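Trainee: Starting off with a structure, shown below.
Every number here is computed from the coordinates shown, using simple stated rules; none is lab data. Since the model is a prediction, treat every value here as computed from it, not as a measurement. Every residue, glycine as well, gets a Cβ built from its backbone with ideal geometry; the counts of neighbours run over all protein chains shown.
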């Protein structure tokens, strides 16, 4: 039935700041843009996470999203990584600050967190062989 998650999408307040964060800090590649069909105005920027999986950034946000665990709706995106310490060190070497340093979670997986310029939370996760994710 399902193959995988194809993309997640965010409306951003400042595209330049968001592209700096996702491309320069996280190292995700900008692959193409779409223009609004009726006006030709910038509309969506696509970033390739891995084959067939993308983050879409929409122009036009006008207020910051403040993450709140009681809010219904978006909570976070999780990007699986090979080496949690490597991604944490890479992010910090580019001047960004992690919301949480790498630590092992209750599911045995290693994780660390960061927020993008609009306050959207991103989890980086290194799967552990004992993780319930590995057995399904």
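Trainee: Against the longest principal axis of the chain, how steep is helix 84-93, in degrees 0 to 90 to the nearest 10, with axes from Cα atoms?
Mentor: Helix 84-93 and the main axis of the chain meet at about 50 degrees.
Trainee: Among (i) 0.98; (ii) 0.95; (iii) 1.08, find the value of Rg/Rh (Cα atoms, Kirkwood Rh) that was calculated from the structure presented, and write down its label.
Mentor: Read-out from the structure maps to (i).
Trainee: What FRET efficiency comes out for the pair residue 5/residue 108, r = Cβ-Cβ distance, R0 = 25 Å, nearest 0.05?
Mentor: Rounded to the nearest 0.05, the efficiency is 0.65.
Trainee: What 222 nm value per residue comes from the helices of the chain, counting each DSSP H run with n ≥ 4 as -39,500 (n - 2.57) and dividing by all residues, nearest 500 deg cm²/dmol?
Mentor: Calculated from helices alone, the mean residue ellipticity at 222 nm is -3000 deg cm²/dmol.
Trainee: When 4, 121 are ordered from fewest to most other Cβ atoms inside 10 Å of their Cβ, what list results?
Mentor: Taking fewest neighbouring Cβ atoms as first place, the list is 4, 121.
Trainee: If contacts are Cα pairs under 8 angstrom and at least 6 residues apart, what is the relative contact order of the chain in percent?
Mentor: For the chain, the relative contact order is 22 percent.
Trainee: If you don't mind, there's one more thing I want to ask. Before anything else, pin down the relative contact order of the stretch 1-61: Cα pairs under 8 Å, at least 6 apart, normalised by residue count, whole percent.
Mentor: 41 percent
Trainee: For the stretch 1-61, what class follows from the C-alpha gyration tensor (a ≥ b ≥ c being the square roots of its eigenvalues): rounded when a/c is under 1.5, otherwise prolate if a/b is larger than b/c, else oblate?
Mentor: Here the stretch 1-61 falls in the oblate category.
Trainee: Related question: Can you bin the stretch 76-136 into rounded, prolate or oblate? Criterion: square roots of the alpha carbon gyration tensor eigenvalues sorted a ≥ b ≥ c, rounded for a/c under 1.5, prolate for a/b above b/c, oblate for the rest.
Mentor: In terms of gyration-tensor shape, prolate.
Trainee: For residue 130 and residue 31, calculate 0.36 nm times their separation in residues minus their Cα-Cα distance, and state this gained length in nm to one decimal.
Mentor: Between residue 130 and residue 31, full extension yields 32.1 nm more.
Trainee: Could you state the number of Å between the C-alpha centres of the stretch 72-136 and the stretch 15-34?
Mentor: A separation of 18 Å, based on Cα centres.
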